[in-house]
1. Would you check if Ile291 is of a type in the set (Val, Ile, Thr) and either touching an Asp or Glu at 6+ places or on another chain (Cβ under 9 Å) or within 25 Å of Arg125 (Cβ to Cβ) (or both)?
2. Report whether or not Ser122 is assigned to a helix (DSSP H, G or I), closer than 30 Å to Gly260 by Cα and of a type in the set (Ser, Thr, Tyr).
3. What's the number of the condition Ala374 fails, among (1) surrounded by fewer than 12 Cβ atoms within 10 Å (Cβ to Cβ); (2) in contact (Cβ under 8 Å) with a residue 60 or more places away in the chain?
4. Looking for whichever is of a type outside the set (Gly, Ala, Ser) and out of contact with any Pro (no Cβ under 9 Å at 6 or more places or on another chain) here; the options are Asp272, Asp282. Which one fits?
5. Can you tell me which residue within the range 147-191, out of those that are loosely packed, with under 13 Cβ neighbours inside 10 Å, under 38 Å from the mean Cα position of the chain (by Cα) and modelled with pLDDT of 75 or more, is nearest to Ala368 (Cα to Cα)?
6. Just give me the residues in the range 226-275 being in a helix (DSSP H, G or I) and small (Gly, Ala, Ser), in sequence order.
7. Determine which single condition Gly204 fails, assuming it passes every other condition in (1) over 30 Å from Pro167 (Cα atoms); (2) at pLDDT below 90; (3) in a helix (DSSP H, G or I).
8. Could you check, for the range 300-308, whether at least one of its residues is at pLDDT 85 or above, part of a helix (DSSP H, G or I), touching a Pro at 6+ places or on another chain (Cβ under 9 Å) and surrounded by fewer than 18 Cβ atoms within 10 Å (Cβ to Cβ)?
Amino acid sequence: MLVEVAPIKGEDHRSVVVSIPSTPAPSRTRSADISVPRKEVWIFFRQLSLLQKTGTPLLTSFKSLGKQTENLSFAIVLTCIANYLEHGDSLSQAMARFPQTFPALYRTLIREGEESGTLADSLVRAAELLEREHALRCRVFSSLLYPALVLTLGSAFGLCAFHVMVPFLVELFSSQQGSLPVSTRFLMGLSAILGKKSTIAILGLSVLIVVRLISKKLKTPKWSHRRDLWLVKAPLLGPLIRLACVVRILPTLSATVTSGLPLTLCLELCADVSGNSVFRKDLLQAKKSLIRGIPLEQHFSKQKWLYGPAFLAVFIAGLESGSLDQGSERLLRILNIELDVKLEQIVSLLQPAALMVTGGIVGFLCLATLQPLANLMP
């Protein structure tokens, strides 16, 4: 399917028109590879839910929102979905053609809403899940931004000082190699090695190959599970990672169960959004246990270290009483506060560590530069 994009004359330059031939929608298109920011998707879910509550036809809603969006890729996606809707696809079927834009969890919620006649409510639940996920990512990113910035600036300063100071030291002390301090000789030797273009090329290529091999190895299921298992059991990062995964799983579990989906499908969807292979494996194992007739309480009671006792208590009690959404909302507020506390603890340890590393780099450069100059003084 061909998609042509052109600006609208006489209107806002950010608006676009996406023209699609009026041929039957194919089963697969290149558009399935389009990636759209999550923020755009959740805003769209909110807007579409509002239009559905006002009684606007679904096809009209998509055409209108496709013209209003400022993101060109998302405008193409929405216009393509409108084309599929015109050819008789349901909304969940049309969204399934764009799995990167609309993951399986949100498509399942929307399909359930279509079948039960509560599409607007399903769109609100999907938007809330996306908002929670985005908020969690932003909190973690903002907490780790300052230590990363300190390390980056310290490394950049050290690199600039290395290129500025070392040539001066080599020229000044080239005839005094034997009497120079160890730090100065090390710095000059390192400069001599890295000063050759061939050496830099070999080192850069070696680092690139090693990083490529390690990243490829870690993507395999076996090593990915080992990495995630080590992370969830790590003394400092483990509690934070486990808590972050529970904060992602709990609202998804509450939304899917409240929507009336089968519990086995709810566990499978939670496994997809967990973001950790250890949680994913355990949730899929819980699904298998449930199919074999083993109560979930019996399965999760063996994994209290992974989910925490509060999650298990709210989950089991919510399933029995039918009030999982209310209990999970209260627990989420508590877990978010606990997550903020743990993030502050991690940052309070990372900040002095970053400052120590930066200070060590600057101190070593100053020592290697000033010590031989001090020795020259009478």
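1. Details: of a type in the set (Val, Ile, Thr): yes; either touching an Asp or Glu at 6+ places or on another chain (Cβ under 9 Å) or within 25 Å of Arg125 (Cβ to Cβ) (or both): no.
Answer is no for this residue.
2. Working: assigned to a helix (DSSP H, G or I): yes; closer than 30 Å to Gly260 by Cα: yes; of a type in the set (Ser, Thr, Tyr): yes.
Yes; evaluated as a whole, the condition is true for this residue.
3. (2)
4. Values: Asp272 fails: out of contact with any Pro (no Cβ under 9 Å at 6 or more places or on another chain).
Step by step, each of Asp272, Asp282 is checked, and only Asp282 is of a type outside the set (Gly, Ala, Ser) and out of contact with any Pro (no Cβ under 9 Å at 6 or more places or on another chain).
5. Cys160
6. Step one: list which residues in the range 226-275 are in a helix (DSSP H, G or I), which gives 226-233, 237-258, 263-273.
Across the range 226-275, the qualifying residues are Gly238, Ala244, Ser254, Ala255, Ala271.
7. (1)
8. no
The values are calculated or read from the model by the stated rules, or taken from the named source; none is laboratory data. In this text, all values refer to a predicted model and were calculated from it rather than measured experimentally. All Cβ positions, even for glycine, are placed from backbone atoms using ideal geometry, and neighbour counts span all protein chains on display.
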